[in-house]
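The values are calculated or read from the model by the stated rules, or taken from the named source; none is laboratory data. Note that this is a predicted model, so its numbers are computed, not measured. Ideal geometry is used to build each Cβ from the backbone, glycine not excepted, and the neighbour counts take in all protein chains shown.
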Amino acid sequence: MTIGNIFIMIDEIKNQLLQRGGQLIPEEYQRVFSPASIYLYEWNTYWLEIPGVEGIKFGSTIVTADHGDWYPIRLKNQLGLTRIATIIYGKCSTSGLFVEVISSKFETLETHHFFYSSILNTLFQRIVNLPFTYQADTGRGVKEALRPPTPLFTYYFLIHYGAEIRSSISEILASSHRILIDEELLLPIGSASTVDADAMISMIRQSSLWTKAQGHPLAARLGGYVPTHIQQHLPQETYDTPENRFVKNFIQSLQVASENLYSQPWWGNVSQIDQRSIRETHSLLQQTVLHPIFEEVGEQYYLPSNSQVLLRKEGYREFLMLWQLFQQARRPLFEPITHAIDTRNIAQLYEFWVFFQLIETVSNTLKVTPVLELRTSEERGLEWSSVASFGSYGLIRFNRSYLRRASQYHSYSTSMRPDFTWEVNGKPVAIFDAKFKFSLRIWFNDEDEMEEIIRKDPTLDDLYKMHTYRDALGVKSAVILYPGESTVFFDVSEGKLETFQLNDILSGKLSGIGAFPMKPEKLLLG
């Protein structure tokens, strides 16, 4: 199949999707949702009639023909940017049609964009104002990472440490490290100040430097010849030191990383204050690289980790610590969030936002600043060993796997992985599960039957799942965290509660299942 035929097929897929419910992305949103050109709704089925292909791939799903050349495209759990491509001769086409998949919770693309922008804005605020002390495996020494930092981490780093970067650079420029070197120079004999053994040996070996001279005091003793130049060892000050090479290299890395921020699709969601702060730091980095001190500084070939200048000298010491933070904290958490932003996966972005919000809510409830240890893997994201510790009160463990315990009714053999587990003294007390779902409950006001009221409640399926968690894991409470409006808890002793406090769950006062709304301020669905 030729390239021309492939593009014709892509156009045909686009036309069929538009005929079956797909919508063109309006011009005012094309830049926001680029490279997608149309949008589809999650869970809807779109039938495509495409002869001459072996299958259709959308996202990670491959479908084969059903009823002749008809292919059912059903986008399940694939919110955000998705590519639809054909499979021919067993290979997936490198070209394809990009579409934006939006949730059926959104009536229009405008509502979808409002939710995406709102949660992105508040997610940035959470990232910048992390309510915890970051911990990682720092005791094993520092190794320079081969992969560049994600733009999201660069944003976090420059906002958090921009003032320290600027202060350290000012200290370094004000009192730059210099060393004396013994430089060998060939100077005219009239400019020589000393003649030592090295100078005499150099003159003897370099006969090309000799010339005939009459009347010169040395010519009579040197057979009528004198040297035109003589070797001299002169002390010279230089800024080209291993420490300054390290500083220059780190500044250049920060400069490139910060410059990359301006081309990110989410840069417009960054507040004007943060943008101004980052541009100020970036401008200083550019000026510093061009400073006369660094003009003579060469490339870095090794890290002078044992240098007393880096360990002790003001400015350099702080710059080394900043470099260590830049190396150690760049990968955990920020890569999966960046991927979710790049693909505009709203469901996953909501889960990450809940991750930050739950930590902050528990921190405010207990009046304790947590210590967070993050570990990630490309397969599982935040691993079970990731914990946020709140001192003697307890800890939140993320994505911990449990082998379902046997009950008096059933014997379980499969594992369960709730999003968040609250543990006290090593024992699970409560389960929290983030759900980007709600059900619309429609009813009429008792006083006026014509007034329709719509409320966003947790889904029954999710509440049933909380029963499963509580029964299988033996915890006191299992709670849904969702972007709805209704707070509800079904306590085994007190029955249905319309309101409850988070501390009642953390302390183990309540026992049962429930749902707690969690959504950013000013965030409205539907």
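Can you name the residue in segment 286-302 that is more than 30 Å from Phe124 (Cβ to Cβ) and either surrounded by 14 or more Cβ atoms within 10 Å (Cβ to Cβ) or among the small types (Gly, Ala, Ser) (or both) and, of all such residues, is modelled with the lowest pLDDT? Please lay out each step first, then the result.
Looking only at segment 286-302, we keep the residues that are more than 30 Å from Phe124 (Cβ to Cβ), and these are 290-302.
Going one step further and asking which of them are either surrounded by 14 or more Cβ atoms within 10 Å (Cβ to Cβ) or among the small types (Gly, Ala, Ser) (or both), we end up with 291, 293-294, 297-298, 300.
On the way: His291: 92, Ile293: 89, Phe294: 90, Val297: 88, Gly298: 87, Gln300: 84.
Within segment 286-302, the match that is modelled with the lowest pLDDT is Gln300.
The requirement of being over 28 Å from the mean Cα position of the chain (by Cα) and surrounded by fewer than 13 Cβ atoms within 10 Å (Cβ to Cβ) is fulfilled nowhere in segment 32-40; no residue meets it. None of Val142, Val256 is outside any strand (DSSP E or B) and modelled with pLDDT under 65 except Val142. Apart from one condition, Leu440 fits all of (1) modelled with pLDDT of 85 or more; (2) touching a Lys or Arg at 6+ places or on another chain (Cβ under 8 Å); (3) over 17 Å from Phe489 (Cα atoms); the exception is (1). It is to be established whether one or more residues within segment 32-47 are over 30 Å from Leu372 (Cβ atoms) and charged (D, E, K, R). Yes: segment 32-47 contains one or more residues that are over 30 Å from Leu372 (Cβ atoms) and charged (D, E, K, R).
The sole residue among Ser263, Ser283, Ser305 that is over 19 Å from the mean Cα position of the chain (by Cα), at pLDDT 85 or above and not hydrophobic (A, V, I, L, M, F, W, C) is Ser283. In this structure, is Leu185 within 16 Å of Val309 (Cβ to Cβ) and modelled with pLDDT under 85? Here the answer is no, as Leu185 does not meet what is asked.
Which of the strands (runs of 3 or more DSSP E) contained wholly in segment 1-102 include at least 3 residues that are assigned by TED's automatic domain parsing to the domain that holds Thr343, polar (S, T, N, Q) and in contact with a strand residue (DSSP E or B) (Cβ under 8 Å, 6 or more places away or on another chain)? Give the steps one after another, and end with the answer.
On the way: elements: 38-41, 45-49, 55-58, 61-63, 70-74, 80-88, 97-102.
It comes to none.
Applying the criterion of being touching a residue at least 60 places away in the same chain (Cβ under 8 Å) and of a type in the set (Ser, Thr, Tyr) to the residues of segment 272-285, the residue that is surrounded by the fewest Cβ atoms within 10 Å (Cβ to Cβ) is Ser277. Evaluation of Asn77 against the conditions (1) within 27 Å of Phe436 (Cα to Cα); (2) at pLDDT below 75; (3) touching a helix residue (DSSP H, G or I) at 6+ places or on another chain (Cβ under 6 Å) shows that the sole unmet condition is (3). For the residues Gly21, Gly68, the requirement of being free of Cβ contacts under 8 Å to residues at least 40 places away in the same chain, loosely packed, with under 11 Cβ neighbours inside 10 Å and out of contact with any Pro (no Cβ under 7 Å at 6 or more places or on another chain) singles out Gly68. The criterion of being crowded, with 18+ Cβ neighbours inside 10 Å, modelled with pLDDT of 85 or more and out of contact with any strand residue (DSSP E or B) (no Cβ under 7 Å at 6 or more places or on another chain) holds for Glu318. If you go through segment 468-526 and pick out every residue that is at pLDDT 90 or above, touching a Lys or Arg at 6+ places or on another chain (Cβ under 6 Å) and in a loop (DSSP other than H, G, I, E, B), you end up with 1. Within segment 407-436, residues that are crowded, with 21+ Cβ neighbours inside 10 Å and among the β-branched types (Val, Ile, Thr) have Cβ atoms under 6 Å from residues that are outside any strand (DSSP E or B) and at pLDDT 85 or above in these pairs: Ile431/Tyr469; Ile431/Val475, counting only partners at least 6 apart in sequence or on another chain.
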